Amino acid sequence: MTVCCLICFPLSRFLLLVVAAFISCAVAHEKIFPNHPEWNNLWPDPVALNDLKHPGEDTPPNLSGIWTSGAKTARYLLTPSGGGYGSSKDSMFANETPAPPGMAYDVRCITGDWTKAAPTDCGFTKARVALSSTRTRAMHIQSIRVATTTWQATVTFYHSDNTTTSKTGSLTANTTINMDVPWNHFMGPLSGLWRSAPSTNSNDYYVLTHDSASNQLTAWWDPTQTPQGSWFTATGTYTPTTTAVTMNTTTSWSRSGLTNPPLFDTIGKGAWGSDSTWTKHTQQRYPANIHTVHMIFMNHLDIGYTTTIMDVLNEYVHTYFQKVEQLGDAMRALEGTDRFIYTTHPWLMSLLMECPCPPPTDGSNPNATCAARSLNNSKALPLSCAGVAEIQQFKDAVAKGDIVWHAAPMNNQFENQSPLLVEAGLKLTRQYDHQFYGPKAKHNETITMSDRDVIYVTRSMIPFLSKYGTSMLSTRSFFVCGLRVACCVLLVACCLLFVACCLLLLLVACCLLLVACCVLLVAWEMGLLLLHVAFAGVC
């Protein structure tokens, strides 16, 4: 009784909590981490990522490259860090809070001593640059609303005694960090890490800086990779009109050669010495260069959730396939470049093209079926087998490129299958590849497997996928969806518990009322009996 009273608090409060909990479940998705808000939206979607290739005022400046400080001889290499696209994923800061892409950079000291021909301590063991922004209030200029964003950089230095120091300064574009001692970004196209000709099998790297204003060059051996050789430091010039590069070292070694604008990724030819060519180390750029977005049309195959198993299969095999064929023809009739290409499951194709135990072709028993098509369910229609014309329409759609398939028979939890069953499913894909594309059409083989709403795909599947030529796996765990379902189920259970508790309370109240009525009735009868006895005595 007491428990029920505690649970059955006012109905309005309970309903308010139910609605709030339901909304929290409904809006939850993979990019929200309640316990780690710093992870939220760490991985941008492709649209946001592509926008970063066309920077606006809200796009963080790209600080990748070589920088120098007030000493002019100091050199720092900045590469993206913090996770996400275009990141170096540097393990130096594995214990730090991840930053959104483009908002943090790892700093490596690549300073060399010009006189001692040796690396120089920069005064820190490692460093990290974190960006932040401040958006000013919008102003109206000639009826156009304008808002400006200013960027700041905080450089945190990590020292050998496990202490840290930080400095903060405003950013001038991506060229200068305005601290007490400013850092300046070498913006010349030849700036970067270079290495000697790959044919020499050498891992020697050279730090080359290019001042875009004066076209002056400096270079030195990077002894953090390999011990220095016959030279350590050099100075030189770049002549834009002739693309000539000249370098003179402290050991009286000099070279001259040509570079290749606008790429600026090789220096060679001319009198470039024993190293016939220098090649530029590929810079990690942020963000990645997205040039093509592929839109995939596909249905996830859930059987038995919305209606009976065979009803779902009939809809996929006979309705969906025909609609794809019709839509494909309609798109081509528009005479544009857009196409509708539908990705299906090979197992569904087998039900259409190789229907199990089909009825006799002579029409003697059109309703004949078997357990493979009826599942021995007399209350549901069996799987319908396609006719010759329907199968030919499907083949025509494949030939036109309107229907393709992925490399697995369906969405599978492979870890619950035997190796023979796994291979049987993967063979089904190759069977249709060979049937429709030809046994030697290697470039048309299906190489991507889609697996949805499974807990995981373990690495034990890699040998099977490799054996059958599957080189890409697209997957999504059902954990988040399952979490939402579980949350909603819990809410329904709470509602039912609330109703049950209130019904129980009502039942107890009725019982108590009935007992009270019985007591009153007994008391009434006893009262009447006593009155009767009293009157009998008087008489």
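What follows is calculated from the coordinates using simple rules that are stated; it is not laboratory data. Every value quoted in this text rests on a predicted model; they were computed, and no experiment measured them. Please note: Cβ atoms are built from the backbone with ideal geometry, for glycine as well, and neighbour counts cover all protein chains shown.
Structure notes:
- Summing Cβ point charges (Lys, Arg +1; Asp, Glu -1) relative to the Cα centre of segment 410-468 gives a dipole of roughly 240 debye.
- Test item: Cα-centred dipole of segment 293-381, Lys/Arg +1 and Asp/Glu -1 on Cβ, debye: 160 debye
- Cross-link pairs Lys379/Lys400; Lys280/Lys467; Lys323/Lys427; Lys280/Lys440; Lys126/Lys269 - those with Cα-Cα distance over 30 Å: Lys379/Lys400; Lys280/Lys467; Lys280/Lys440; Lys126/Lys269
- Virtual spin-label span in nm between Lys167 and Phe436, 7 Å along Cα→Cβ: 6.3 nm
- By the beta-carbon count within 10 Å of each Cβ, the least crowded to most crowded order of Leu426, Leu351, Leu263, fewest first, is Leu263, Leu351, Leu426.
- Highest average first, the peptides 455-462, 403-410 ordered by how many other beta carbon atoms sit within 10 Å of their residues are 403-410, 455-462.
- Ranked list, fewest to most other Cβ atoms within 10 Å of each Cβ, for His318, His185, His434: His434, His318, His185
- Listed residue (Pro359, Ile403, Cys385) projecting farthest to the positive dipole end of segment 341-480, Cβ model: Ile403
- Rounded to the nearest 20 debye, the dipole size of segment 374-481 about its Cα centre is 160 debye, using +1 on the Cβ of Lys and Arg and -1 on the Cβ of Asp and Glu.
- Distance from segment 407-460 to segment 169-184 (C-alpha centre basis), Å: 54 Å
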